[in-house]
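I have placed the structure first, in the form of structure tokens, so that the comments after it can refer back to it.
Only the coordinates and a few stated rules stand behind these numbers; no lab work does. Keep in mind the model is a prediction, meaning the values are calculated, not measured. No Cβ is skipped: glycine too gets one built from the backbone with ideal geometry, and neighbour counts run over all protein chains shown.
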Amino acid sequence: MSDLVDEAEEYDAQVAAYRPVLLKLALVQLQDQATAEDAVQETLVAALSGRKSFRQEASIKTWLVSILKHKILDIIRSKKRYQLAPSKFDDSDYDTSAFDALFDETGCWRDTKDPWTDPESVTERAAFFKVLEACLSRLPEKTSRAFMMREWLDIDADEIQRLLKITPGHLRILLYRARMQLRLCMDINWRRG
């Protein structure tokens, strides 16, 4: 019986340890401290009360992020609790001259090494995601939100346009720039091999 109690306490401690990471993810999308805190709190309560449904097929962090993702989607879709402030399209946040470094003299992508050549290297993957997170934090706010909504939350383009109050063309531009800025940042900051 003591082993079960110890195991439960260890699980609870692991879940609680991910609170700062979850809060950071929630703040990026919700942009409101109180709402982000609520989403994280609901995530932690769901994880702690659903301990028996955690099958350990993935890490606790992956499971918690998945729960948080659904909580954030619920909040975004609930118009009562989530409203975006209107903003104008501002092109001044981008330095497009840096993109030239991504191409060779012939206009082709520069050859880069594949960071996933050794998928067993947990340390390398952890470092990769730390650099990716830093690169994401350097994106302009609206660009980062659009990218995270599309790639992390898997929200369709029409809904992103409605939520961010932007046109389809503006969304395409934001996503293109996010991908280009991330690629440039990763090429500069991610030392492979």
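In this simple spin-label approximation, GLN33 and ARG162 carry label points 7 Å from Cα along the Cα→Cβ vector, and these lie 3.2 nm apart.
Using only alpha-carbon positions, what ratio does the radius of gyration of the stretch 2-77 give when scaled by 2.2 N^0.38 Å?
On the way: Rg = 12.8 Å, N = 76, 2.2 N^0.38 = 11.4 Å.
Computed over Cα atoms of the stretch 2-77, the ratio equals 1.12.
Each other residue within a Cβ distance under 11 Å of LEU64 adds +1 if Lys or Arg and -1 if Asp or Glu, for a net charge of +4.
Most exposed first by the Cβ proxy, i.e. fewest other Cβ within 10 Å, how do TYR176, TYR11 rank? Walk me through the intermediate numbers first.
Working: TYR176 11, TYR11 16.
Going from least to most buried by this count: TYR176, TYR11.
Arrange the following residues from fewest to most other Cβ atoms within 10 Å of their Cβ: LYS52, LYS130.
Working: LYS52 6, LYS130 12.
By the 10 Å Cβ count, ascending: LYS52, LYS130.
Given a Förster distance of 30 angstrom, what is the FRET efficiency for LEU132 paired with ARG51, based on the Cβ-Cβ distance and rounded to 0.05? Could the numbers behind the result be given before it?
On the way: r = 30 Å, r/R0 = 1.00.
Efficiency for this residue pair is about 0.50.
For an R0 of 45 angstrom, estimate the FRET efficiency from the Cβ-Cβ distance between GLU141 and ASP6 and round to the nearest 0.05. Rounded to the nearest 0.05, the efficiency is 0.55.
Please compute the net charge surrounding THR43, taking Lys and Arg as +1 and Asp and Glu as -1 over other residues with Cβ under 10 Å from its Cβ.
Values: positive: ARG19, LYS69, LYS71; negative: ASP38, GLU42.
So the environment of THR43 carries a net charge of +1.
Between TYR176 and ALA13, what's the calculated FRET efficiency when r is the beta-carbon distance and R0 is 35 Å? Round to 0.05. Write down the numbers at each step before the final one.
Numbers: r = 42 Å, r/R0 = 1.21.
Once the sixth-power term is evaluated, E becomes 0.25.
Residues in the stretch 29-45 carry Karplus couplings, in order, of 8, 8, 6, 8, 4, 5, 5, 5, 4, 4, 4, 5, 4, 4, 4, 5, 4 Hz; the curve used is 6.51 cos²θ - 1.76 cosθ + 1.60 with θ = phi - 60°, and Gly or Pro positions show x. Using only side-chain charges placed at the Cβ, +1 for Lys and Arg and -1 for Asp and Glu, the dipole size of the stretch 2-77 relative to its Cα centre rounds to 420 debye. Once both labels are positioned 7 Å from their Cα atoms along Cα-to-Cβ, the gap between GLN41 and HIS70 label points is 2.1 nm.
Checking the Cα-Cα distances for LYS71/LYS165; LYS61/LYS165; LYS52/LYS165 against a 30 Å cut-off, the pairs over it are LYS61/LYS165; LYS52/LYS165.
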